[in-house]
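Following: one structure in C-alpha cells, then a few remarks.
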Amino acid sequence: MADENDQWSQRDYRHPAAGWGAAGSVLKILAKEGEWVDGPRAVFRMNHENGGFDCPGCAWPDDLKGLKLDICENGIKHVTWEMTRERAGKEFFAAHTVSELRTWSDRELEAQGRLVGPLAYDAASDRYVPVSWEDAFTLVGRHLRGLDSPDGAAFYTSGRLGNEASFLYQLMAREYGTNNLPDCSNMCHEASGRALTAALGTGKGTVDLKDWETADALFIMGVNAASNAPRMLTALAGAQRRGAKIVHVNPMVEAAARKTIVPHEFVDMALMKATPTGDLNLQVRPGGDMALMRGIAKVLLERAGSDPKAIDPEFVERHTAGFEEYRALCADTPWEELERQSGLSRERILAAAEIYHRSRRTIVSWCLGITQHEHGVDTVREIVNVLLLRGNLGREGAGPSPVRGHSNVQGNRTCGIDHRPKPEFLDRLAQVCGIDPPREPGLDTVRVVRAMHRGEVKVFVGMGGNFAMAAPDLPYTAQGLRKCDLTVHVSTKLNRSHLEHGREALILPCLGRTERDVQHSGLQSSSVEDSMSMVHLSVGMKRPASPHLLSEPAIIAGIARAALPDSVVPWEDYVADYDRVRDTMARVLPGFEDFNRRVRLPLGFRIKQPARELVFLTPSGRAEFSCAELPDVVPAEEGVLVLQTMRSHDQWNTTVYSDDDRYRGVKNLRTLVLMHAGDMRSRGIGEGDPVDIESVSKDGTRRRLEGYLALAYDLPRGSAAGYMPEMNVLIGAADHSTQSDQPLMKNVLVRITPAAAGRAAAPAG
Ligand SMILES: Nc1nc2c(c(=O)[nH]1)N[C@H]1C(S)=C(S)[C@@H](COP(=O)(O)OP(=O)(O)OC[C@H]3O[C@@H](n4cnc5c(=O)[nH]c(N)nc54)[C@H](O)[C@@H]3O)O[C@H]1N2
Ligand SMILES: Nc1nc2c(c(=O)[nH]1)N[C@H]1C(S)=C(S)[C@@H](COP(=O)(O)OP(=O)(O)OC[C@H]3O[C@@H](n4cnc5c(=O)[nH]c(N)nc54)[C@H](O)[C@@H]3O)O[C@H]1N2
Ligand SMILES: [Mo]
C-alpha cells in the first residue's frame, strides 16, 4: 500500500520550463548519486569545445560558442546515471537466481549499479556467473560459426554507440555475412529517413543550429522538447526574442509551448525572468498532422491566385517535380475532410497558414508524434511539400529538422548500421575492407522478433539498449529472446533484456562514454554525429567503473576474432588505435574525407547535405512533391480511443528515474492514463479512478492493462496518453506501419472502462 509519502498527485504545472525547477532537480540527483565532486566536474567537461565528452543524452547539437554551459537537467541525469558508485558485482549475481531477478522491477535492476565483469548464464544454478573475456568470446564464436546461415544471427544497436564502434560492428556483421542490423532507429525515425530520402535524396534534416537562430517561423511538431530535447528551449527562447513566431503542433500543450528560463542565462535565472516559447498551439487529433499540413498548403495555393508571393514559383519551377499534381490534390481535398482529420477548425488552420505565409524563413521540426504512426512517411513528405511550396530549403533559416533520439542514433546510420544498405555503400565497403558483404536486405526490429519465433534467428547480440522492454508486445518479444540459442548483451547496467535470455547467455559490460578508454596507443576518443550532422570527438575522463570493462570496439573485435578466424580485417590494429578505424572510415563513407584531421577541429565538422546545396539525389534529380491520399485517422468504431505511449520527464527510454513527470504536474504515479474529461464522464470514470485498458491489434488479438488510474488532462476528445515502456504490452507485434515498419507507438487503439474489480495497479516500483 502506498504510504503518505508516496501518495500520487496531479495538478497543472505553471512554472517556466527549465529554470530553477530544473536546477533544484539537478542538485537532488547529484546528492542522491553521491556525486558532489565528480558530478559537477564532469558536467563542466561535457559538450565542450576542444575536449570533454559528448552528452550521452539526446542528439540535440551542442552550442559551443563562447563560454556557454550548454547542458540541461536531463543530460545531467544521464551522466550521473552512468557515473553511479553502485556496482552489481559477482556477489550480487551469486545471491540471486535469474528467476528471482525477473520478479524485480526494472528500476531495482538498474539500481544495482554498473556491471563490473563479463557474466555467463549457468542453467544448472539459474544464475549469471563470472566468465573470462576469452571464454565469453569463444562461446559467441562457437555459436556464430555453428549457424547454418549467417542470417541466423541478428545484431541490434541502441543509439549510444560511437561512430567508430558502429563502423566496426556493421563490418563484423557483414564480413560474417548478414545485414540483420536492427536498430532503435527502426522505432524512432525510420519514417523520417524514408520520407526525406524519397523527397530530397538525403535521409537527414538539412538545417543546423545557425538556421535555428535565423528562422522567422518555427513549427514544432510532435515532440516534448522540454523533457526530451531540453536544449531546444534555448533556441525557442532566442527565436521569440528576435520576433520569430513559434507554432506548436501537439495533442497536448507541452511545457516547451509555454515559457522557459534558459539555465545558462544567469541573469534571467537570478531574476526569474521567463521567456514565452509559443505563439500558437494546435492541439491536433492523433495522426492529424498530415491533414493540417495539407490544409496549410491548400490555403497558400488558393492565395497564390491573387498573391503570387504566397508560394515561390521560381523555386518550384527550378527545383521540384510533381507540383501540378499536388496542387490539384490540395484543391480537391475538401475543408470538411481537413477539419475532421486534423481535429482543428478551419480558422486554426488558417492561423497557422498565416504565420507560414508571413515568414520568409521557416523550419519545421518533428519527432515521434509524427513518425510513430501508420502514415508517418506520408506525413513527413507532406511537411516537405509545404516547405517546398515556399522554397524553404537550401537557404539560411529554413528547412526540415527532425529531432533525433539517442545521442548518436544518426551517426549509427551514417556509419553503416542499416538493415537496408545502399549498394554504393556495400561496394565501397567491399573495395576498401576487402570483404564480400551480403546484398540481400536484413531484418529490422519487428522482423527480428518474428524470425526468433520461427526459429530463424538463433543468436541475438544487443549492442547497448534494452531490447526486451523497448520493442512492442513485451511478452512476445521476451518469448522470442528465450527461444534463441544464445543472447549476448553489451551493457553498462543490468536490465530486463539480460533476464529474458536464450538457452545460453552472456552479459558483456562495457565502458561508458564518460570513462577513459586507454588502448595500446594511449587514450582513445570516439566520434558522434548530432541531429544536425555535426561530427565531433568525445573523450571520456572518468576512471572506469571497473578495471575489467572493455570498450565497445574491443568487444566487437573480440567477437569478430572468435567468429571469423580467417578475417581479412586488422581487428587488433583497429582496437589499438581508433585513428586507424577513422582512416578506413574516411575511405568508405562519403563526407568523411580527411576524417582524423577534421574531427579534431575545434567544432568538428559538418557532413555535407547535398539537399542543402539544392542537389537532389532523387530519380528526377529534383525535390519530389508527394501526392498521398489523406489517411482516415478517426477510429471507425464507437468508443475506441487513440492512445499514445510517451516518456515522462523523469525517464530515459526504458530507464525510469522516478515516478514523477514534473511538467505534466504528476507526482508518484506511472500507472496512469491521461484522458479528456468528457471521455471520462461518458464512461462513468471519475478523477483518479482505476480503469482497465484493452487494445485491439491489427490482427484482431486483444491485450490488457488493469487498474491504471485515469486522470483528466487537456487532450483532444477521443485520445489518451500513458507511459512507455510499460504500455508496450498493449502494442501487438502486428501493429507496425506498412510504410516504415515502425511500431505504432502513438496510435494504439484502446477501450477504457472502469476497473472490473475497482482495484488499482501495483505501483511500478
Ligand atoms: N530526457 C529524455 N530525453 C530523451 C529521451 C528520453 O527518454 N528521455 N529519449 C530520446 C529518444 S530515443 C527519442 S526518439 C526522443 C523522443 O522524443 P519525443 O518525440 O518528444 O518523445 P515522446 O515522449 O514519445 O513524446 C512524443 C510527443 O509527441 C506528441 N504526440 C503524440 N501523438 C502525436 C500526434 O499524432 N501528432 C503530434 N503533432 N504530436 C503527437 C506527444 O504529445 C509528445 O509531446 O527523445 C530523446 N530524448
Ligand atoms: N511504447 C513505446 N515504446 C518505445 C517508444 C515509444 O515512444 N513508445 N520509443 C522507442 C524508441 S524511439 C527507442 S529509441 C527505443 C529505445 O530503446 P533502447 O535504445 O534499446 O533502450 P534504452 O532504454 O535507451 O537502453 C538502456 C540500456 O542501454 C544500456 N546502456 C546505457 N549506456 C550504454 C553504453 O554506453 N553502451 C552500451 N553498450 N550500453 C549502454 C544500459 O544497459 C541500459 O539499460 O524504445 C522504443 N520503444
Ligand atoms: Mo528513439
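The values are calculated or read from the model by the stated rules, or taken from the named source; none is laboratory data. These numbers come from a predicted model, not from an experiment. Using ideal geometry, Cβ is built from the backbone for each residue, glycine included, and neighbour counts are taken over all protein chains shown. Areas reflect the complete protein model, heavy atoms only, side chains present, ligands, DNA and RNA absent. Shrake-Rupley method; radii C 1.70, N 1.55, O 1.52, S 1.80 Å.
Tabulated data for the structure shown
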| item | result |
| --- | --- |
| Relative contact order, percent, the chain [alpha-carbon distance under 8 Å, six or more residues apart] | 20 percent |
| Euclidean distance between Cα centres, segment 172-209 to segment 474-526, Å | 23 Å |
| Dipole axis of the chain (+1 Lys, Arg; -1 Asp, Glu on Cβ), positive-most option in Val457, Thr514, Gly502 | Thr514 |
| 17 Å Cα-Cα reach of Lys273 towards aspartates and glutamates, excluding residues that sit fewer than 8 places from it in its own chain | Glu265 |
| HN-Hα J in Hz across segment 600-610 - Karplus 6.51, -1.76, 1.60, θ = phi - 60°, x for Gly and Pro | 8, 5, x, 9, x, 9, 9, 6, 5, 9, x |
| Accessible area (Å², 1.4 Å probe, nearest 10) - Tyr574 | 20 Å² |
| Relative contact order for segment 95-192, counting Cα pairs under 8 Å that sit 6 or more residues apart, in percent | 20 percent |
| Computed FRET value (nearest 0.05) for His548 with Ala95, which takes r as the C-beta separation and R₀ as 25 Å | 0.80 |
| Rounded to 5, the percent of DSSP beta bridges in the chain classed as antiparallel | 45 percent |
| Spherically averaged projected area of segment 190-402 from its Cα convex hull (nm²) | 11.2 nm² |
| Trp652 long-range amide H proximity, modeled H, under 5 Å | Tyr657 |
| Distance in nm between pseudo-label sites at Val640 and Asp12 (7 Å out along the Cβ direction from Cα) | 3.4 nm |
| Segment 87-194: trypsin sites (Lys or Arg not before Pro) in DSSP loop, at most 16 other beta carbons within 10 Å | Arg102 |
| The chain - mean residue ellipticity at 222 nm from DSSP helices (-39,500 (n - 2.57) per run, n ≥ 4, rounded to 500) | -9500 deg cm²/dmol |
| Efficiency of FRET between Arg395 and Phe425 - r from beta-carbon atoms, R0 30 angstrom, step 0.05 | 0.55 |
| Dimensionless Rg/Rh of the chain - Kirkwood Rh, Rg from C-alpha atoms | 0.94 |
| Chain lengthening between Asn668 and Asp332 when straightened (0.36 nm per residue, less Cα-Cα) | 116.0 nm |
| Residues whose placed amide H lies under 5 Å from that of Lys259, excluding near-sequence neighbours | Ala17, Thr277 |
| Pairwise label distance in nanometres, Glu134 with Arg503, each label 7 Å out on the Cα-Cβ vector | 2.7 nm |
| Kyte-Doolittle mean at least 0.0, axial Cα span of 30 Å or more - DSSP H helices of the chain | none |
| Sequence-distant residues sharing a close amide H with Met221 (under 5 Å, placed H) | Val249, Ser365, Trp366, Cys367 |
| Per-residue HN-Hα couplings for segment 251-260 [Karplus 6.51, -1.76, 1.60; θ = phi - 60°; Hz; x = Gly/Pro] | x, 10, 8, 7, 4, 5, 8, 10, 8, 9 |
| In order through segment 242-247: 3J(HN,Hα) via Karplus (6.51 cos²θ - 1.76 cosθ + 1.60), integer Hz, x for Gly, Pro | 8, x, 6, 9, 10, 10 |
| Members of Lys28/Lys493; Lys210/Lys259; Lys422/Lys542; Lys259/Lys608 lying beyond 27 Å, as alpha-carbon distances in this model show | Lys422/Lys542; Lys259/Lys608 |
| Per residue Cα convex hull volume in Å³ - calculated over segment 641-754 | 102 Å³ |
| Heavy atoms of Trp20: accessible area, 1.4 Å probe, square angstrom to 10 | 130 Å² |
| At most 16 other Cβ within 10 Å, DSSP loop - GluC sites (Glu not before Pro), segment 621-688 | Glu629, Glu637, Glu638, Glu687 |
| Trypsin sites (Lys or Arg not before Pro) restricted to DSSP loop in segment 267-335 with at most 15 other C-beta within 10 Å | Lys273 |
| Heavy atoms of Met83: accessible area, 1.4 Å probe, square angstrom to 10 | 10 Å² |
| Hits among lysines - C-alpha to C-alpha of Lys458 under 16 Å, sequence gap 8 or more where chains match | Lys483 |
| Relative contact order (%) - criterion: Cα under 8 Å, at least six apart; region: segment 613-765 | 30 percent |
